[in-house]
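These notes concern the structure reproduced below.
The values are calculated or read from the model by the stated rules, or taken from the named source; none is laboratory data. Computed from a prediction, not measured in an experiment: that's the story for all the values here. Cβ placement follows ideal geometry from the backbone for every residue including glycine, while neighbour counts extend to all protein chains displayed. Heavy atoms of the whole protein, side chains included, go into the accessibility calculation; ligands, DNA and RNA do not. Shrake-Rupley method; radii C 1.70, N 1.55, O 1.52, S 1.80 Å.
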Amino acid sequence: MRLAVYPGSFDPITRGHVDVIQRAAIVFDQLVVAVLVNTRKTPSIEAGERAQMIREALEEELGVDEAAAIEVITFEGLTVDLARSRGATSIVRGLRALSDFENEQAIAHLNRKLAPEIDTVFFMTGLEHAYLSSSLVREIAAFGGDVSAMVPDAVARRLRERPRS
Ligand code: PNS
């Protein structure tokens, strides 16, 4: 069985992330979406709520049955340690543009040094999502802008309900 871990901050999940999840779910037998608790970027949304947003978003976007096959968890520590503990063959990451490549290449090489048996598999985010980033979504939402084209409806609703910082 081919199991992949898709790690990220998902602060919050965007339509681009959902696109990567949908495509990875076709390639792998099992997909674990793993929300990092303490990211290098100080998260604006608590990890448990980020994970809950992902579950709600996947149920709405993919339907209950397809979403049930995708596990969403929170984790701390190294991605490779999580991947090993789950018996994953692969780590999934999305690439939006060339600008993502340098950083992702470094992370992939380092992860491979740490865990040579686990490979990173990249999915090109759909062109219509290439401009999306969680940080821009957060900024727009913080100023009361409409982010419904950028994030799943479930996430847009939650962002609207949150007090503006
Ligand atoms: O969504 P992001 O912020 O681009 O995700 C980055 C993430 C979570 C994949 C990366 O920071 C990560 O894997 N962090 C866990 C700690 C780790 O394994 N570090 C070594 C590789 S940088």
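So Arg2 passes all but one of these: (1) in contact with a Phe, Trp or Tyr (Cβ under 6 Å, 6 or more places away or on another chain); (2) within 16 Å of Ser133 (Cα to Cα). Which condition number does it fail?
(2)
Do we find a residue being in contact with a strand residue (DSSP E or B) (Cβ under 8 Å, 6 or more places away or on another chain), among the hydroxyl-bearing types (Ser, Thr, Tyr) and over 19 Å from Thr120 (Cβ atoms) anywhere in the range 83-100?
no
Could you tell me how many of the residues in the range 90-104 are under 17 Å from the mean Cα position of the chain (by Cα) and without any contact (Cβ under 8 Å) to a residue 12 or more places away in the chain? Step through it out loud before you land on a result.
So in the range 90-104, the residues under 17 Å from the mean Cα position of the chain (by Cα) come out as 90-97, 100-101, 103-104.
Filter again for without any contact (Cβ under 8 Å) to a residue 12 or more places away in the chain, leaving 100-101, 103.
Residues flagged as under 17 Å from the mean Cα position of the chain (by Cα) and without any contact (Cβ under 8 Å) to a residue 12 or more places away in the chain within the range 90-104 amount to 3.
Regarding the range 91-114, can at least one residue be identified that is farther than 27 Å from Glu139 by Cβ, modelled with pLDDT of 95 or more, in contact with a helix residue (DSSP H, G or I) (Cβ under 6 Å, 6 or more places away or on another chain) and open to solvent by 50 Å² or more (accessible area, probe 1.4 Å)?
Yes, the conditions are met somewhere in the range 91-114.
Could you tell me how many of the residues in the range 106-119 are within 13 Å of the ligand (Cβ to nearest atom) and over 17 Å from the mean Cα position of the chain (by Cα)?
Filtering the range 106-119 for residues within 13 Å of the ligand (Cβ to nearest atom) gives 106-115, 118.
Now restrict to residues that are over 17 Å from the mean Cα position of the chain (by Cα): 106, 109-115, 118.
Of the residues in that region, 9 qualify.
I want to confirm something. Restricting to the range 137-158 and keeping residues that are open to solvent by less than 50 Å² (accessible area, probe 1.4 Å) and over 17 Å from the mean Cα position of the chain (by Cα), which single residue is farthest from Ser44 (Cα to Cα)?
Result: Ser148.
Quick one: which of Ala67, Ala83 is at pLDDT 95 or above, open to solvent by less than 50 Å² (accessible area, probe 1.4 Å), within 23 Å of Phe28 (Cβ to Cβ) and out of contact with any Cys (no Cβ under 9 Å at 6 or more places or on another chain)?
Ala83
For the range 110-165, give me the residue count where each residue is of a type in the set (A, V, I, L, M) and in contact with a Gly (Cβ under 6 Å, 6 or more places away or on another chain).
Qualifying residue count for the region: 1.
Of the conditions (1) at pLDDT below 95; (2) open to solvent by 70 Å² or more (accessible area, probe 1.4 Å), Leu78 satisfies every one except a single condition; which number is it?
Failing condition for Leu78: (1).
Take the range 121-136 and flag every residue that is near the ligand (Cβ under 10 Å from one of its atoms) and surrounded by 18 or more Cβ atoms within 10 Å (Cβ to Cβ). Quick ask: steps written out before the conclusion?
Step one: of the range 121-136, the residues near the ligand (Cβ under 10 Å from one of its atoms) are 133-135.
Residue satisfying the conditions is Ser134 alone.
Can Arg50 be described as surrounded by 17 or more Cβ atoms within 10 Å (Cβ to Cβ) and of a type in the set (Lys, Arg)? Break it down into steps so the answer makes sense when it comes.
Working: surrounded by 17 or more Cβ atoms within 10 Å (Cβ to Cβ): yes; of a type in the set (Lys, Arg): yes.
Criteria met by Arg50.
Among the numbered conditions (1) open to solvent by 70 Å² or more (accessible area, probe 1.4 Å); (2) within 16 Å of the ligand (Cβ to nearest atom), tell me where Pro163 comes up short.
(2)
Which residues, taken from the range 121-156, are without any contact (Cβ under 8 Å) to a residue 40 or more places away in the chain and of a type in the set (Val, Ile, Thr)?
Of everything in the range 121-156, those that are without any contact (Cβ under 8 Å) to a residue 40 or more places away in the chain and of a type in the set (Val, Ile, Thr) turn out to be Ile140, Val147.
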